[in-house]
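Below is one structure; the comments refer to it alone.
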Amino acid sequence: METVVFNFTEQIGQITHEEDVYFDVPQGQLKLRYTRPNRQHAELIAYEQTNEFGPNICEYRTSRINDPEIFHKTLSMTLPELGVIRRKRRTYAKDHVVINLDEMENLGLFIDIIIAADGSNDTKQIELVNKLKKDFGIDDCNLVSLSYLDLLRKHKSFDSGLDDESDLFE
């Protein structure tokens, strides 16, 4: 997959290690993103997206947080935490397209394709999404309509709670 993405973007990509802490809010989603190795700063990201099968529309706002640990504690005083997502992310960009290859802790490998709205009609953007899906060999059966947090919560709901289930089969 990295080779195909490289051929499209002509970049080797930038690797980051990210930790997203999700908070329970009445509308949309709110997360505090730590990016390692620099934990001196973080991003507060508020967004709303459609969780439909296929391309989704997402509107978001970000704010840089200079003292994330104190800010995290402040948020946690009034907003319950829903979960934490950790990932190794390789990000590629070309024009108004961002491609993330995400290695998600406890979930596996995912590709996230983001096409920024450029004021043109949605038809061109959907055509580009379909072209990229074809170029990258992504079939509709491989699309996921859930967010990473929802996937993790679903995954954990099927977990037995045992730390090492391999002992059961000896």
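What follows is calculated from the coordinates using simple rules that are stated; it is not laboratory data. Small disclaimer: the values here were computed from a predicted structure and weren't measured. No Cβ is skipped: glycine too gets one built from the backbone with ideal geometry, and neighbour counts run over all protein chains shown.
Listing for the model above:
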{"read-out": "Among (i) 17.8, 60; (ii) 71.4, 244; (iii) 20.1, 65, the entry that matches Rg and Dmax of the Cα atoms in Å as calculated here", "value": "(i)"}
{"read-out": "Prolate/oblate/rounded label for segment 5-90 (Cα gyration tensor, a/c 1.5)", "value": "oblate"}
{"read-out": "Per DSSP, loop GluC sites (Glu not before Pro) in segment 2-87 with at most 14 further Cβ within 10 Å", "value": "E10, E52"}
{"read-out": "Cα-centred dipole magnitude for segment 26-72, charges only on beta-carbon of K, R (+1) and D, E (-1), debye, nearest 20", "value": "220 debye"}
{"read-out": "Net charge of Cβ neighbours under 12 Å - reference M104; Lys, Arg +1; Asp, Glu -1", "value": "-3"}
